[in-house]
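Reviewing the structure listed below.
The values are calculated or read from the model by the stated rules, or taken from the named source; none is laboratory data. These numbers come from a predicted model, not from an experiment. Glycine gets a Cβ as well: all are built from the backbone with ideal geometry, and neighbour counts include every protein chain shown. Surface areas here come from the heavy atoms of the whole protein model, side chains and all, with no ligands, DNA or RNA. Shrake-Rupley method; radii C 1.70, N 1.55, O 1.52, S 1.80 Å.
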Amino acid sequence: LVAAARPVFIEKPIERQQPVRDLLLAIDISQSMETEDFTDANGKKTNRLAAVKAVVQGFIDKRKEDRIGLIVFGSGAYPQAPLTLDHASLSLLLNDTGIGMAGPNTAIGDAIGLSLKMLEKAQEQEKILVLLTDGNDTSSAITPDHAAEMAGAKGVVIHTIGIGDPGATGEAKVNLSELERIAKTT
């Protein structure tokens, strides 16, 4: 009877990967990220954005079960990639970003605001924004503090990462106090 049924093994069953959390990466690509205050593995000076790309690529590679999206910001904030499990495409879009593509200034508050819009439709309970910037907000329509308060009210956790040398002067100086205020608000 079993032989008459002619059982056949075609392929392994398709397993649907369920995301654990929704992560948005907001990366500063303003002119200040052009400052060369990092040293790469070969001992060569590199700019802040190149250092960020290397670290973020490693982060993406390790977050296989999370949906990750990408926002880039300068004078304005722009969605570079929606929340996705397709990390290969996300990596390509990350590599395609360049300094100044979003304008020369820095709009941290606008980046947080755009993140809230993108996370509004997210299904996962755990919603996280990782904000990578040198911390000098120069052109936001909404203040970073107010945007962070809105994020806290919506249950979005913001992790801030300061990029650069806090001992530098002028535009190259990293404003860590602003980043600390944003992180404490959420």
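Observations
- Residues satisfying the stated conditions in segment 37-54, i.e. of a type in the set (Asp, Glu) and either modelled with pLDDT of 90 or more or over 18 Å from Gly170 (Cβ atoms) (or both): Asp40
Yes or no, residue by residue, for (1) surrounded by fewer than 21 Cβ atoms within 10 Å (Cβ to Cβ); (2) in contact with a helix residue (DSSP H, G or I) (Cβ under 8 Å, 6 or more places away or on another chain):
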residue: Ile68; (1), (2): no, yes
residue: Ser75; (1), (2): yes, no
residue: Tyr78; (1), (2): yes, yes
residue: Leu93; (1), (2): yes, no
residue: Ile108; (1), (2): no, yes
residue: Leu116; (1), (2): yes, yes
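- Residues being open to solvent by 70 Å² or more (accessible area, probe 1.4 Å) and in a helix (DSSP H, G or I) - total across segment 40-53: 0
- Looking across segment 152-186 at every residue that is charged (D, E, K, R) and touching a residue at least 24 places away in the same chain (Cβ under 8 Å), the one that is most open to solvent (accessible area, probe 1.4 Å) is identified as Glu171.
- Screening Thr97 with (1) open to solvent by 60 Å² or more (accessible area, probe 1.4 Å); (2) in a loop (DSSP other than H, G, I, E, B); (3) under 19 Å from Leu131 (Cα atoms); (4) β-branched (Val, Ile, Thr) gives one miss only, at (1).
- Conditions (1) under 22 Å from Pro144 (Cβ atoms); (2) touching a Gly at 6+ places or on another chain (Cβ under 7 Å); (3) surrounded by fewer than 22 Cβ atoms within 10 Å (Cβ to Cβ); number of the one not met by Asp37: (1)
- Of all residues making up segment 55-72, the number that are within 26 Å of Thr169 (Cα to Cα) and assigned to a strand (DSSP E or B): 1
- Flag not set for Leu70, criterion: of a type outside the set (S, T, N, Q) and farther than 26 Å from Thr35 by Cβ.
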